[in-house]
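As C-alpha cells, the structure follows; a few thoughts come after it.
The values are calculated or read from the model by the stated rules, or taken from the named source; none is laboratory data. Everything numeric in this text was worked out from a predicted model, so none of it was measured. We place every Cβ from the backbone using ideal geometry, glycine too, and count neighbours over all the protein chains shown. When the accessible area is computed, the model is the full protein with side chains, heavy atoms only, and any ligands, DNA or RNA have been set aside. Shrake-Rupley method; radii C 1.70, N 1.55, O 1.52, S 1.80 Å.
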Amino acid sequence: MQQDRRTIISGLALLLAATPGLALAQGRDPDVEAILNDPEAPVSGNPKGDVTIVAFLDYNCPFCKKAAPDLARLVREDGRIRLVYKDWPVIAETSVYAAQLALAAAYQGAYAKAHDALMATKGRLGREQIAAALKGAGLDMARLEADVNGKATQITALLRRNMAQAESLGLQGTPTYLIGPFRTSTQDYAGFKQVVADARKKQASP
C-alpha cells in the first residue's frame, strides 16, 4: 500500500520548505534518460545489468522498509539488475533530513551503508535516530556533516530532479518501483522476481 495523496501533498510542502528555490515540473513529459541515468543518482547492483529498477523511496515509509530486504536480496542473487535510487522525501521533515544525509554519505563512498541503515531503522525517524543509525553503520560523522553543508547545492539539485521526475510520472506515493517497462509498488521477493522476469520477457520480444 502506498502513502495517500494527502500525505504526498503534505510532503511536497515540507520538501519545498526545506529546499528553497525548488520548483515542481508539473505538466512536463517524463525525461526517461534523466530518470534512468542521472549521473549523481546512487546506483547499486550490476551497472551493466539487462534490467534497470528505479526505486522512488522515503526513509519514513514503512512499506519501503518492508520491501527493502527482498529487493536487496533479488539484486544480489540475480546479478543482472541495475538498481537506481531516487530519494523522494515526501512524508515528513525528517524524511528530507534523512535523504540529505544519505546523499551526503555518497561523497565518502557510503551511500549504500547509509541507505541500508536508515531502511533498517524501525518506525518514524527522529533526528537522533537518524544520526545513531548512520554512526552505527560506520560513517565518518564529521565528514558527513561537512559534506551535507558543503555539498548542499548539489544535494538540493538532485532532490529537486527526483521530485520533478516523480511529478512528471504522476507518482502517487512511496514506494514506487519502475522495473523495465513496468511500474509497481510494494513487493515481496517472489513479486520482485516475477516483475523482473516479465521485464526481461517484454524487452526480448520484438
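Tell me whether segment 76-85 contains one or more residues that are open to solvent by 20 Å² or more (accessible area, probe 1.4 Å) and touching a Ser or Thr at 6+ places or on another chain (Cβ under 7 Å).
From segment 76-85, those open to solvent by 20 Å² or more (accessible area, probe 1.4 Å) are 76-80, 82, 85; that's our starting set.
Adding the requirement that they be touching a Ser or Thr at 6+ places or on another chain (Cβ under 7 Å) leaves 82.
Among the residues of segment 76-85, at least one is open to solvent by 20 Å² or more (accessible area, probe 1.4 Å) and touching a Ser or Thr at 6+ places or on another chain (Cβ under 7 Å), which makes the answer yes.
Going by the structure shown, is T7 of a type in the set (S, T, Y), surrounded by 17 or more Cβ atoms within 10 Å (Cβ to Cβ), modelled with pLDDT under 95 and under 17 Å from Q165 (Cα atoms)?
Values: of a type in the set (S, T, Y): yes; surrounded by 17 or more Cβ atoms within 10 Å (Cβ to Cβ): yes; modelled with pLDDT under 95: yes; under 17 Å from Q165 (Cα atoms): no.
Against the criterion (of a type in the set (S, T, Y), surrounded by 17 or more Cβ atoms within 10 Å (Cβ to Cβ), modelled with pLDDT under 95 and under 17 Å from Q165 (Cα atoms)), T7 does not qualify.
Do we find that T121 is farther than 21 Å from K151 by Cα, polar (S, T, N, Q) and open to solvent by less than 30 Å² (accessible area, probe 1.4 Å) in this structure? Working first, answer last.
Details: farther than 21 Å from K151 by Cα: yes; polar (S, T, N, Q): yes; open to solvent by less than 30 Å² (accessible area, probe 1.4 Å): yes.
Yes: the conditions hold for T121.
If I ask for residues that are of a type in the set (K, R) and within 22 Å of A131 (Cβ to Cβ), which ones from segment 50-97 would you list? Once the filter is applied, which keeps residues that are of a type in the set (K, R) and within 22 Å of A131 (Cβ to Cβ), segment 50-97 yields only K65.
Among the criteria (1) part of a loop (DSSP other than H, G, I, E, B); (2) surrounded by fewer than 19 Cβ atoms within 10 Å (Cβ to Cβ); (3) modelled with pLDDT of 50 or more, the one N60 does not fulfil is (2). Quick check, is L139 within 19 Å of V43 (Cα to Cα), touching a residue at least 24 places away in the same chain (Cβ under 8 Å) and either buried (at least 21 other Cβ atoms within 10 Å of the Cβ) or of a type outside the set (K, R) (or both)? It is true that L139 is within 19 Å of V43 (Cα to Cα), touching a residue at least 24 places away in the same chain (Cβ under 8 Å) and either buried (at least 21 other Cβ atoms within 10 Å of the Cβ) or of a type outside the set (K, R) (or both).
Scanning segment 106-114 finds one or more residues that are open to solvent by 10 Å² or more (accessible area, probe 1.4 Å), within 18 Å of the chain's Cα centre (by Cα), free of Cβ contacts under 8 Å to residues at least 12 places away in the same chain and closer than 21 Å to F56 by Cα.
When D198 is tested against (1) crowded, with 21+ Cβ neighbours inside 10 Å; (2) free of Cβ contacts under 8 Å to residues at least 24 places away in the same chain, just one condition goes unmet, and that condition is (1). Against the conditions (1) hydrophobic (A, V, I, L, M, F, W, C); (2) farther than 17 Å from P42 by Cα; (3) open to solvent by 40 Å² or more (accessible area, probe 1.4 Å), A133 satisfies every one except (3).
For L15, indicate whether it is at pLDDT below 95 and out of contact with any Gly (no Cβ under 6 Å at 6 or more places or on another chain).
Working: at pLDDT below 95: yes; out of contact with any Gly (no Cβ under 6 Å at 6 or more places or on another chain): yes.
Yes.
Restricting attention to segment 161-182, the residues that are modelled with pLDDT under 95 and among the charged types (D, E, K, R) total 1. Condition check for E145 on (1) over 22 Å from V84 (Cα atoms); (2) crowded, with 16+ Cβ neighbours inside 10 Å: one failure, at (2).
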